[in-house]
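As structure tokens, the structure follows; a few thoughts come after it.
The values are calculated or read from the model by the stated rules, or taken from the named source; none is laboratory data. No experiment lies behind these values; they were computed from the predicted model shown. FYI the Cβ positions are ideal-geometry reconstructions off the backbone, even for glycines, and counts take in every protein chain you see.
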Amino acid sequence: MSELASRPMTAEEIDALTKTAADWIERRDFGQWSEEDRAEFERWLAASPAHRIAYLRLEAGWKRTELLGALRPFKGKEKERKFASGPLLMKFAAALAFVAAMGAGAAHYIAPQPETYSTGIGGRETLRLSDGTLIDMNTDTRIRLSGARGERIVWLEKGEAYFQVHHDPAHPFVVMVGNRRVTDLGTEFLIREDPRRLEVALVEGRARFDGESAKSFTLTPGDVVVATPHSLAMTEKSQQALSDELGWRRGVLIFHHTTLAKAAEEFNRYNNSKIVLANAGVAGRTIGGAFTITDVHRFAVIVRDALGLKIQNRDGDIVISQ
Amino acid sequence: MLEGMVERPDTDREGPMRSSDAASAVSKADAWFMREIVPLEGSLMQFLQHNWRNAAEIPDLRQEIYIRVYEAAVKRLPEKPKQFLFATARNLLIDRVRQALVIPIDAAADLEAMEIAGDQPGPEQVVIARDELRRLQAALEQLQPRWRQAITLGRIEGLSRREIASRMGVTEGTAAQYLSWGICALVEILHRDSSNTGGKA
């Protein structure tokens, strides 16, 4: 019997083992973590089942605390970095005139050697531009940078991105989405594009939105422009609502009385394992909370337990039913 | 001309990766264990406290139960995790009673009468996520100040050990110790508090 083979451990020995496991987690998450470290950690795990259990027990609790990242203030550490704005900005001298002259859609053919960046499903990347601008790309997103000298133009070809623009009044930063245009006037903003709908939300500063028609808006913080193929409207969102909408930058999805239909649509953007809702009755139920964006299984379990629904696996997808 | 440089966000860090089939059974068991078993720790500890007199032995019992459950899971994932966990716990207690030189009669009687919890979601599993953040914050508040500060800088503000050390004005080694003790304490509080939400043995 295995319990005869393994000597019982004292409470102190178990505490010491737990501390060793915590040291590994600390090193992995906060220190330098090389390939050799990883291999050494693997050997430690494999050395005894007691090691692995001590680690899994801690890691399960520690993973829960990822949600604490949801408390990170808007102006995170990236904002604090200073960027050299030097001679480079001088290259943008012609930008304003260029933007003014640009016809709808024509820009695609003007830029020589554009650079394209993209993320896959569940991906997220931060793009740091040479002018100091930061772009957080969300899941399944493609962005193209102007290759022409003296331009600050970015095309959001699909997906969603958060822009922290290094403002230069003389050289406006322009984001093109199809033939719509957002021009920074000292700004942090969010743009989300899908085939049915374009949403531009202003978080800080000011920006101008130019639609296909002559219609244009100047956005102030909290303003949200929603454009569909047939309509164009401006609404407002509270700072809290905007902060929640930007949860993906911290790896979380935040819901308030959100229908499962909407929540499933959000999770499905980030995960290859899709949530499938059995019927309209299920789709109309609502849920609230903050969820780790990639942990669709945990979300499903919470939905099951909190709403008393059933979940089952079907070919890698998760079916939620009554 | 704009030039981009791609940075990997911190959240992309993944746990250890393994490649062979045996390793895939291990990583499946790891994920299963963290997802299904560890969250039941509050209930398990209550169960052990009710059914085992010597409190000093309880951490070892818990460890042994976890090892048995985990080793079974590597071979095949049990279908009803909660039932399996408590059945394993019960069997271990019975084994331990049998091995003991002196058999405490009332303990043995209790064990016979012991009911095994089913796999219906008990109240302890009904974690509504909107409470989760509040619960995590409350746990963080209970840490001693230096540990809490280190964890806050690391987990909320996303700083590295080096940045935390410089922010707190301590050496990197000290920062590592604050973080590591903070991780231990925070997880203990979280596991302990999961029993306050109504787990029953």
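Miscellaneous remarks
- Where a residue in region A:15-36 is buried (at least 18 other Cβ atoms within 10 Å of the Cβ) and its partner, wherever it lies, is not in a helix (DSSP H, G or I), with Cβ under 6 Å and at least six apart: A:F30/B:S160
- Residue tally, condition crowded, with 19+ Cβ neighbours inside 10 Å and farther than 14 Å from A:Y55 by Cα, over region B:22-50: 10
- Sole exception among (1) modelled with pLDDT under 85; (2) under 24 Å from A:L253 (Cα atoms); (3) part of a loop (DSSP other than H, G, I, E, B); (4) more than 14 Å from chain B (Cβ to nearest Cβ) for A:D140, by number: (1)
- Residue check for A:E204: in a strand (DSSP E or B), under 22 Å from the mean Cα position of the chain (by Cα) and at pLDDT below 85: yes
- Any pair with Cβ under 8 angstrom, 6 or more apart, that starts in region B:133-154 at a residue that is assigned by TED's automatic domain parsing to the domain that holds B:Q177 and ends at one that is of a type in the set (V, I, T) and not in a helix (DSSP H, G or I): none
- The lone criterion from (1) within 23 Å of A:R269 (Cα to Cα); (2) in a loop (DSSP other than H, G, I, E, B) left unmet by A:P221 is number (1).
- Checked against the criterion of being at negative phi, charged (D, E, K, R), buried (at least 22 other Cβ atoms within 10 Å of the Cβ) and within 14 Å of chain B (Cβ to nearest Cβ), region A:162-174 has no qualifying residue.
- Of all the numbered requirements in (1) over 19 Å from A:L219 (Cα atoms); (2) modelled with pLDDT of 85 or more, A:A107 misses one, and that requirement is (2).
- Any hit, region A:232-243, residues being small (G, A, S) and modelled with pLDDT of 85 or more: no
- Screening the candidates A:V276, A:V226, A:V319, A:V252 for the property of being among the β-branched types (V, I, T) and within 14 Å of chain B (Cβ to nearest Cβ) yields one hit, A:V252.
- Matching residues, region A:291-322, being in contact with a Gly (Cβ under 8 Å, 6 or more places away or on another chain) and aliphatic (A, V, I, L, M): A:I293, A:I302
- Of the candidates A:R249, A:R181, the single residue that is assigned to a helix (DSSP H, G or I) and in contact (Cβ under 8 Å) with a residue 24 or more places away in the chain is A:R249.
- Residues of region B:13-29 classified as assigned to a helix (DSSP H, G or I) and either at pLDDT below 50 or of a type in the set (D, E) (or both), total: 1
- Screening region B:133-184 for residues that are of a type in the set (S, T, Y) and assigned to a helix (DSSP H, G or I) and picking the one that is nearest to the chain's Cα centre (by Cα) gives B:S180.
- Enumeration of residues in region A:150-161 that are in a strand (DSSP E or B) and buried (at least 21 other Cβ atoms within 10 Å of the Cβ): A:I153, A:V154, A:L156, A:E160, A:A161
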